[in-house]
Each structure stands twice: as structure tokens, then as C-alpha cells.
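The values are calculated or read from the model by the stated rules, or taken from the named source; none is laboratory data. Note that the structure is predicted; figures quoted are calculated from it, not measured. Positions of Cβ are generated from backbone atoms using ideal geometry, with glycine treated the same way; all protein chains shown enter the neighbour counts. Areas reflect the complete protein model, heavy atoms only, side chains present, ligands, DNA and RNA absent. Shrake-Rupley method; radii C 1.70, N 1.55, O 1.52, S 1.80 Å.
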Amino acid sequence: MASSMPSPASPPDSARVDLPVEGMTCSACAVRLEGALGRAPGVQEASVNLALERATVRFDPAQTSATGVAGAVARAGFTVPSRDWSFPIAGMTCSACSTRVEKALRAVPGVLEANVNLALERADVTGLAGIVTGEALAAAVARAGYEARIPAVAADRARAEEEQRAADAVAARRERLMLLVAALLTLPLVAQMAAMMAGLHLHLPAWLEFALATPVQFICGARFYRGASKALRARSGNMDVLVALGTTAAWAYSVYLMATLGDAAQGHLYFEASAVVVTLVMFGKFLETRAKRGTTAAIRQLMNLRPQTARVRGADGREAEVAVAAVRTGDLVIVRPGERVPVDGEVAGGASEVDESLITGESLPVAKSPGTRVTGGAINGTGLLEVRATTVGEDSTLARIIRMVENAQAGKAPVQRLVDRISAVFVPVVVAIAVLTFAGWMLHDGAFEHALIAAVSVLVIACPCALGLATPTAIMTGTGAAARAGILIKDVASLERAHRIDTVIFDKTGTLTAGRPTIVALHALRGSEDGLLRLAASVQQASEHPLAHAIMARARELGIEPGPVSDFRSHTGHGVTGRVGDREILIGNSHWLEKRGIPTGGETARAREWQDQARTVVWIADGAGLLGIMAIADPLRPEAPAAVRQLHEAGIRSLLLSGDTPRVAAVIGAQVGIDEARGGIRPEGKAEVVGELHRAGRVVAMIGDGINDAPALAAADVGIAMGSGTDVAMETAGITLMRPDPRLVAAAIAASRATFGKIRQNLFWAFIYNVIGIPFAALGLLSPAVAGAAMAMSSVSVVGNSLLLRRWKPRLANVTSA
């Protein structure tokens, strides 16, 4: 369901609304609506997606509103659909109460009608989809002093989607019925045409041809007249104008011949041309609608993953089945074997294997036990799981995935802007060519029939639809295929830039390594090793750094209790300090300690030996000098060498940037085959390296998973976050990998290249079709029926070509061949 909300990427004085739009039939319609919205007062930016039939508008709330935007859509000749809400109201005691609630509801922007029944204690509201939300209605009722029991956002959204699917099904049935009627009425006319082509002189009576063609023209083909009239009222043109103009001309000329020649007109009529064209174009639009539905299959699959109910165990031990929307953070949810996990959470009890393939793209079931996290929508295996809910509703992983995929599919690629400019003048140019064709044939041989048929063929064969669908259908299918593989693309800009990437920068920890560092060696200079570990754990208990987790894990393993710490401070890129008892403890790298006046030279040889083994050396000191050092190892991900090799095969250069020492970075880089490894890089330094590469003319992708990677992720042309990382990294990045497999980096680039390859193919065929078809029609080499069939198939072929992207799957190199 569309939504109205402040845009996170917009300035504070702007808001954004996503509106479903009905009535668009071709790219000229989308261009016309985009232009009308762009000229509307207060609108700052407008983007219309023909394939999704949606308009995304950013506006100044001080100058207009979401309702004002919907009004601009209506003035352009299109419709924002409405939807109904029905919900109970608590707290009403008399008719004055119901009147007050009714008035409050009618004041909500976008509400068309509101009725409150006191006896039933219920409100029935009709409002514009995409503008009116359940939260807005509930808030209005609350301000009036009453309570509206409206389902939560997720449930409201699910209901709206179900309603939309039902409405689409009704529309499809109506369209199929109209097509069937048109085909049955046109069949005798086609049989007559086929008989004549076979040399048989079979002619239907003129009155029968008229009786068959007229319902096809004006009842079955009414959609073209409606679309054409809206376009002409808006002083624009679209596909409907071309079809209506061409077929009406053929039908009207046939009626003229009947009126003037009577029975002699038999065999000279063109009713079959108008009826066949209308039927074929209807057939083409029917196939196009079905094919377009295939491009959004990924979104529907993700939406179908959401369970509607959950089994919650209360404090008394009893289990109750409730709506997912009613589950709250901290609730204990019971997931039986074979059921879908209803919410994101942490396993509190039980063990099982969970199928997360439709969420992360991981084909093998993942083992789950107490302490591990599970994602809502995953399928439980053979064990019973007790899951403690952590995120619910619109904050859940699945909801965020759906939002990201929707945002990417709704976007407009830069190449689409050029297509839109062409579409804006396409129909007037085609009409002009048709007029010139008519005039040329009249001057050539003076045969009115030849001139009319050639002009009608020009009008009918020209198709702006293929141009308008070439880009959005490829983007929708490509981003959907990537999402099924566990690659989430945030927006079209990231998708567009990704196919030009020639340099990839890897962070080390959590990206090329597993992100599970452990202490593998410890050396105390003063006191015992246990005492050294206790001091380190006491300071690091306040830190979230992965190395701190390694220290804390080792302390727990040995049963060492950390002491209290005060004055804890994190020195980004250097280390941490904290006061334990009466001593200030410093934990960090050697360069930082040297700058603080603490010599480290005595342990340099041992440190180098550890670093040559790709171990991170942590130095611990107090005011009196060095206390000891420890070696921390973070194992390489087994997929890392294969990931780098795939990039090299694609002609992409790789870099490793690490805050660790240059020696450790070099060893890791050599192990995975990185082209260049740089160590000792602070977080801001990573962004500076990105800038350096930009100045050298490189197109850069940055892969990271932590808060310290966010500046570089934002600076890169494309930021890629590992799904196992922090929310900050995922929000900053343009692409998120839903499982921690670095091979998906090359796969994400491959998905982008495949998508833009399809866009180029689609645009080539759409342009070449019109460039070749229109001259052929103008020269009289195509009949209207053939031209209509070609026009109908052009859009279907473009959408069908885009659908081939659904077969795309990532090629992941075998990890054992590294």
C-alpha cells in the first residue's frame, strides 16, 4: 500500500507521498502526469512509474498537501483510487458524540466520506489510497476524545494489499470478458479477410459487418476513447489517441461508404481493419498486464512470507493464538515444526534448522539454538522453537526488505529521463507523420482509400508504450531477482552506478574475516596473565568494539570477573582508556601508546611475529608503563578468496583498508589475493581513500559492516553493507547483502550489469521497432491489421524480455577452489 510520510532523504520543510494512479496506458501518460505534478503549486519533485502505476511526489507542506497532490492527479485526467475503512469507536454516549467523531474524521486530509453509527459504535470511512492511513484516522478520533480500534500498520497494510489484489482480479476478469466479446465479434470479419487472401470471394453483408464492428469499436474499445479524451483535455497525446484516431477513421469511412454506395459498398469496407486493430491492441494490453504482474513477483513473494497469526505464551504458561500485529517486543512466541517464524527474535529455548532462503538467499537450512537470532518469515524445520520477539511490525527485517525493494522498483533511472522527453513529443510527431502520409498518397495517386489506410497504419503501428516500459520493467524484475538472491538494492541510483564499478574496497573485520575475534596468545610483563586479562576486561566491558567482545568472551571462559570501571573513554582509531581502582588503564595500538609517552620497543619482536601470523596485537599499559600484550585472531571467511577472485575475473580491482597494522593488513591481503592492502587506516581515512580513487577516475564500491565504515560507505559511489552488520551501515549503504557472504559483492555488480543490459536491449528494440515500422506503414507496405498486431506485440516483447531476468541467479565461486 502506498504511504504518505516525511522523506528521510528530504529537507525538513518537505514531505513525500506515494500515490497509486489509475488510468495511465502508455509512457506519454506518465510523462504528462509527471509534468502536471511538477507544475502544481508547492510540488518540489515528482516521479511517475508507469509499470508500477505509482506517483512519488515531494512537496512543501506549507504550500500544498497530499490531498492537493491528489487533486493535481485528477486535474491531469487520472484517478487516485479510494479505499474503505470500517472500525469500532469506544467512548461514545450520545448523538453529539457521533457527530463530533464524524466531523473529526471528515477533517482528515484525503477523507471523501465519513459516517459514524452510534448504535453500532462503528465508523465507516472512504478515503484516498496513499493519503489516508489508519494511524491518521485513529489520531483524529483520539483528538476528539474517543478511541478508534484500528488494526496496526502492518495489519492495515496487509488488508489494503488484499483489497488491491481483489480489485485487480475483478479488473482482470472484466478485461478478459471484454477481450473475449471483441474476439468473438471480430472472428467473422477475420474469416472474411482470410478467405479473400486465399482467393475466395466471400463477403459478409455490409449491415452485418457494421453490426459486428460497431460494438467492438465503441463498447469493447471504450477504454481507448476514455483515455484519449482525458489526454486531449489535458492538451496532450498518448497511445489511446493514436488507436482511437486510427480505428475511428477506418470505421467512419466505412459508414460513409455504406451511406453513399449502399449495397455497392460490399467488399470495399474497412470495418474488419478497425475491429481487428481494437481487438489486437486489447489482447496486447491484456498480455502486457499479465507480464507486468510477473515483474512484481518478488514483492508478492516477500509479502506472502508474512504470517498473519502468532502463538504467544503468556506469563501463566498458557498459549494463545493472536494476530501478528498484536505481538509486542519481549513476548515469547512458540513456533512449531513446519510453521513460519512470525516475528524477528532471539531463540530462548529449543533447537531446530530454519529455512531462510527467501529472505537471505541461503539455500541450506541454518541451525538455530538458544541465543541465535531468527527472522520473521523463515520456515521452521523439525524442532520446536521458543522465540523472544525483538522487532515487530514495520521495524521487522521483512518489512524493511519490502520497503527497500519497493523504493528501488519505484525509482527512475537516468536513461528514463531521455525516454520521457521523447515520449512527450512522440504522439504529436506520429500524428504529423500520418497527416503527411495521407497528403503524400493523395498527391501520388489521388486514391483516398490508399491514403487513408496508409495513414491509419501509421497511427496504429506507432507505440510509445514499449518505450515507457523498457526501463521500469527491467528495473523491477532485476531488483526482484537480486532480492531473491539476498541482495537488497536501496534505490535506482545505486543500481545504475553499480554496473560501472571498477574498484572495490573491503573493510577487514566482519567482511573478509568472520567478525568473531578470539584471544589466541597473552603475555604479561607485570603481574599474572589472569590479572592482565581482568584489567583489560574491566575497561572493555563498556565497549562495543569486536576486539572488546573477544576480551570479554575470554574472561567469561576463564571465570574471571571484571572489576568496576570509571571515566571510560573511546579514542576512535586508537584505543580506549578507563580507571580501574586508582589506576588509569590504556588499551590500544603501539603508536598511540608511544604518543602517550609509553615505550613499547621491548616487545616489538614478539608483536611482529604475531602480526606475521595475521594476528591483531593489543597493547595494555598504565601510568607506570607497559603491562602486557595480547594477540587476537579473527579467522578469514572461507568465501573471501573466492569473492576476490570473482571480482578479478570481472575486471574489478580490489583494495583492503584496515585499522590494523600495515603488516597484518598485508598478510590478510595476500591470503585472499587482494590487489592492494593498506593498514593503519582510521575511519575518516577510509573516506579519504575513496576520494583519492575518485580523483583518479575510478568508480568505487565500499564494503563494510560497522559504524566506523559509515563515512566511507557514504563517500563511495556505491556503499555495500553486510547484513550481519550494524543498522548504521545498512542505512548508509545503497546495497545490503542479507547474508555475510563476500561473494555476493560480485553478484550484486553482476545483477546490476544484467539489469542494465536488459534496459539497453529493450530500448534498442523499442526504438528500432518504431524507426522501421512507421516508414513501412507510411509507404503502404503494412495493412492496419498487421500494424495493430505489431503494435500490440511490441510492448509484450519488451516486458517479456525483462521477465527473462527472473531466471538470473548469482554465480558463486566454489570456496574449496581458493
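Take Leu202, project a point 7 Å from its Cα along the Cβ direction, then tell me which residues of the range 241-273 have their backbone nitrogen under 20 Å from it. What the label zone holds, given the 20 Å backbone N cut-off, is 266-273.
A crude spin-label estimate for the pair Thr382 and Arg526, with each label 7 Å from Cα along the Cβ direction, gives 5.8 nm. Extension gain for Thr99-Glu147 works out to 15.8 nm (0.36 nm per residue, less the C-alpha to C-alpha distance).
Scanning residues 5 or more positions from Gly628 or on other chains, those with amide H under 5 Å from its amide H are Leu525, Ile620, with H placed 1.01 Å from N in the peptide plane. Using the Cβ-Cβ distance between Glu609 and Ala351 with R0 set to 41 Å, the FRET efficiency works out to roughly 0.50.
For the chain, the longest principal axis of the Cα atoms and the long axis of helix 414-445 meet at an angle of about 20 degrees. Only protein heavy atoms count here; under a 1.4 Å probe, Ser369 has an accessible surface of about 50 Å². A Förster radius of 30 Å combined with the Cβ-Cβ distance from Ala367 to Val322 puts the calculated FRET efficiency at roughly 0.60. The residues Lys368, Lys595, sorted by heavy-atom accessible surface at 1.4 Å with ligands and nucleic acids left out, run Lys595, Lys368 from largest to smallest. Computed over protein heavy atoms with a 1.4 angstrom probe, the accessible surface ordering of Tyr225, Tyr146, largest first, is Tyr225, Tyr146. Return the FRET efficiency for the residue pair Ala696, Ala211: r is the Cβ-Cβ distance, R0 is 51 Å, and the value is rounded to the nearest 0.05. According to the calculation, E is roughly 0.10.
Around the amide H of Gly349, modelled in the peptide plane, lie the amide H atoms of Glu386, all under 5 Å away and 5 or more residues distant in sequence or on another chain. Computed with a 1.4 Å probe over protein heavy atoms only, the accessible area of His450 comes to about 100 Å². Would you work out if the range 339-391 is rounded, prolate or oblate? Take a ≥ b ≥ c from the square roots of the eigenvalues of the alpha-carbon gyration tensor; rounded if a/c is under 1.5, else prolate when a/b is larger than b/c, oblate otherwise. Oblate, since a/c reaches 1.5 and b/c is not below a/b. I want to make sure I understand the PRE zone here: with the label point 7 angstrom from the Cα of Ala542 toward its beta carbon, which residues in the range 581-607 have backbone N atoms less than 14 Å away? In the range 581-607, the label zone of Ala542 (backbone N under 14 Å from the point 7 Å along Cα→Cβ) covers 581-587. Modelled this way, with points 7 Å down the Cα-to-C-beta line, the labels at Arg75 and Ala139 are 2.6 nm from one another. The alpha carbon gyration tensor of the chain gives principal lengths a ≥ b ≥ c with a/c of 1.5 or higher and a/b greater than b/c, which makes the shape prolate. Helix 206-215 axis versus longest C-alpha principal axis of the chain: approximately 30°, rounded to the nearest ten. Once fully extended, how much extra length lies between Asn407 and Asp84, figured as 0.36 nm per residue of separation less the alpha-carbon to alpha-carbon distance? Extending this stretch completely gives an extra 113.8 nm. For the range 653-659, backbone phi angles converted through the Karplus equation (6.51, -1.76, 1.60; θ = phi - 60°) give residue-by-residue couplings of 7, 10, 10, 10, 10, 9, x Hz, Gly and Pro being listed as x.
Coupling constants for the range 567-576 follow from the phi torsions by the Karplus curve (6.51 cos²θ - 1.76 cosθ + 1.60, θ = phi - 60°), and in residue order they are 6, 6, 9, 9, 10, 3, x, 10, x, 9 Hz; glycine and proline get x. Anisotropy class assigned to the range 196-293 is oblate, per the alpha carbon gyration tensor with a/c at or over the 1.5 cut-off and a/b no larger than b/c. Relative to the dominant Cα principal axis of the chain, helix 546-557 is inclined by about 50°. Under 5 Å from the amide H of Ala144 lies no amide H of any residue 5 or more positions distant or on a separate chain, with H modelled from the backbone and absent for Pro and chain starts.
When +1 charges are put on Lys and Arg Cβ atoms and -1 charges on Asp and Glu Cβ atoms, the dipole computed for the chain relative to its Cα centre reaches about 660 debye. Using a 4.7 Å Cβ-Cβ cutoff, the cysteines of the chain lacking any partner cysteine are Cys29, Cys94, Cys97, Cys220, Cys463. The slack between Arg313 and Gln63, meaning 0.36 nm per residue of separation minus the straight C-alpha distance, is 85.0 nm. Counting heavy atoms of the protein chains alone, Cys26 has an accessible area of about 0 Å² for a 1.4 Å probe.
When the residues Ser528, Ser47 are ordered by accessible surface, computed with a 1.4 Å probe over the protein chains alone, the sequence from largest down reads Ser528, Ser47. For His549, what charge total do you get from the other residues with a beta carbon under 13 Å from its beta carbon, if Lys and Arg give +1 and Asp and Glu give -1? Summing Lys and Arg as +1 and Asp and Glu as -1 gives 0.
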